[in-house]
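I have placed the structure first, in the form of structure tokens, so that the comments after it can refer back to it.
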Amino acid sequence: MNGADRAQIETMNGNSKDNDSEAHRSNSRSPLQKRLYFTGAAILLAGFIAAALIYASAAPPDSAAAMYGIVDPRYQIELQQIGGNAAVLMAQLHQWFDSLWHGVRLAYTVAVLGIAIAGACFFIGYFFADDEAPR
């Protein structure tokens, strides 16, 4: 058995001296992965700060707007007569979606969007980062 064959057998058995350096290389992160993790952390922090500022400066809800909304049974009956149940459901969905962009609910929306975008950055960084060897 020559030296090359012995080295190959030791490598296959896990007895190679280079195993430690290979394991260390596989645990280190690529520059793209580091950038994606840093970007995700920055987006998460910025989202939470923005949500806290919006929450602190949000005006109290207007009681008049809530009184004359889709909740009014007369409006729902008229809307159902004109457009059916689908129109009532679409009006409720539209009002819910519009409510996400005002007041305290905007703060929650910004926080959830920040978490989702940061999570996407972490996911992409973890699973889809290039596996180039460090130089």
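Data table
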item	result
Checklist (1) surrounded by 12 or more Cβ atoms within 10 Å (Cβ to Cβ); (2) β-branched (Val, Ile, Thr); (3) over 19 Å from Ile54 (Cα atoms) applied to Ile82, failing item	(1)
Helices (runs of 4 or more DSSP H) fully within the stretch 1-115 counting 1 or more residues that are at pLDDT 95 or above and among the β-branched types (Val, Ile, Thr)	31-57
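The values are calculated or read from the model by the stated rules, or taken from the named source; none is laboratory data. Quick caveat, the model's predicted, so the values are computed rather than measured. FYI the Cβ positions are ideal-geometry reconstructions off the backbone, even for glycines, and counts take in every protein chain you see.
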